[in-house]
1. If Lys and Arg each add +1 and Asp and Glu each add -1, what is the summed charge of the other residues whose beta carbon sits under 14 Å from the beta carbon of E84?
2. With a 10 Å cut-off between alpha carbons and a GNM built on the chain, which of D196, D119, D133 moves the most?
3. Among L82, L246, L203, which one shows the highest mean-square fluctuation when the chain is modelled as a Gaussian network with alpha-carbon springs under 10 Å?
4. Only Cα pairs within less than 10 Å get springs; with that Gaussian network setup on the chain, which residue of F185, F204, F230 has the largest fluctuation?
5. Any chance you could list the semi-axes, whole Å, largest first, of the equivalent ellipsoid that the Cα gyration tensor gives for the chain, using √(5λ)?
6. Using a simple spin-label model with points 7 Å from Cα along the Cα→Cβ vector, what separation in nm is obtained for A145 and L197?
7. Where does the chain land at 222 nm, in deg cm²/dmol rounded to the nearest 500, when only DSSP H runs of n ≥ 4 count, each adding -39500 (n - 2.57), divided by all residues?
8. For T180, T260, T35, what's the fewest-to-most ordering of other Cβ within 10 Å of each Cβ?
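Here, each number is a calculation from the coordinates, and none is a lab measurement. All figures in this text were calculated on a predicted structure; none of them were measured in a lab. Positions of Cβ are generated from backbone atoms using ideal geometry, with glycine treated the same way; all protein chains shown enter the neighbour counts.
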Amino acid sequence: MTETSNGPMTAPADRPKDLPSPDDGAVETARFQGTAPVEHLRGVLAACCEASVPGVRGRFLILTHMGPDPDALGACEGLRLLLEQGFGHECVVATHGKVHRAENVALLETLELDLAEYDATDVSAFCGVLLVDTQPSFRHTVVPAAPSVLAVFDHHRSPQTDDGASEVPHEDVRIDLGATSSMLFEYLRDAGVALDLRTASALFCGIRYDTADLSRNASPLDEEAYIETFKRGDRSKIAAIDNPPLSRSYYRHVAQALTTARQHGPLIIALLGRVENPEHVAEMADFFLRMKGCSWVVAGGAFEDSYVLSLRTDYAFGKAYPLIERVLADEGSFGGHGHIAGGRIPMEDPGQSAIGSIERRLLKNALAVISASGEEGAEAPDGRRLDE
Ligand SMILES: [Mn+2]
């Protein structure tokens, strides 16, 4: 999940449209001293096997961030196939945290993914941990103290990649990639492992989700992976995952969001108070971004002991990451890439008054971005209702 990582700060500029995004331009790819990534990984895992005792030798644990999205799940499935079919190891994929979003639940159920509960997993039964679509230092990522993390596959920027220092023997972080699933496609391709229906479908859904069908952040590898995994995937299942049944609470949140949201010039802001499902915050952000005249959306809602924030920008407007940094103004944690960003503010007292004061601060910060950029809409502090 991009929406939970911390990252180095970029200096705010006056106009959000002109802000450089931290993922602009820079391409950081682990090179492994000229060795192909898949061969480097093979060597790291083989060395781990050699150094470990017979009971755990050759058994690896694959983990990702909490509340995994399709790219995280797709990459887990790709890595599972690589370890089992490419390297002849055993592995378990374990997830942490409930999956809420309808598309993600549909992916799990339709493809019948074999996932273990992290909390019910005996980590001492493995000789090493591999992490996908996140990094050990990111929030909302749980890694055991032992065994150690041997490999990281990710496309999110991180403080670690900036200084080049890492204790992970195989760290493949490519911020020029649209999806971690594309990276795992490359490993499987280079290892000569044939994609089965389930893995191809899972990888495809991951690439589709993170690149919006190659419309954003898509590199040539993402394009190749998208096409090849679609060819080999189960098309009726892929279609079913894309149009999942929606819960009644989804429609309740649509109604609530429509009455709560306000338009301030190019911004729609929908701060929903308490929500029944944290994924509805991101869903409402996507929903409002489609409105004509809307260039960016800030949606938020309180779930359990956190206030969850989602920010979206349209393609012409600019990157989401520097905007969420300014909307949060040093509260909580945040992350993002391209036109998507998310944040989370921990709440010690999740009562109505605490939620209200967080929402007032977020609104004030978002309006300050608009007035700094000279956009119309800042002079009407209450904004415009969407049903007017
Ligand atoms: Mn991803």
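1. Values: positive: R42, R59, R80, R198; negative: E77, E90, D114, D196.
Neighbour charge sum, excluding E84 itself: 0.
2. Sorting by GNM fluctuation, first place goes to D119.
3. L246
4. So, out of F185, F204, F230, the one fluctuating most is F230.
5. 37, 21, 20
6. Taking the simple label geometry, A145 and L197 are separated by 4.5 nm.
7. On the way: 12 runs with 142 residues, N = 388.
Taking each H run of at least 4 residues, the total per residue is -11500 deg cm²/dmol.
8. Working: T180 31, T260 19, T35 12.
The order, fewest Cβ neighbours first, is T35, T260, T180.
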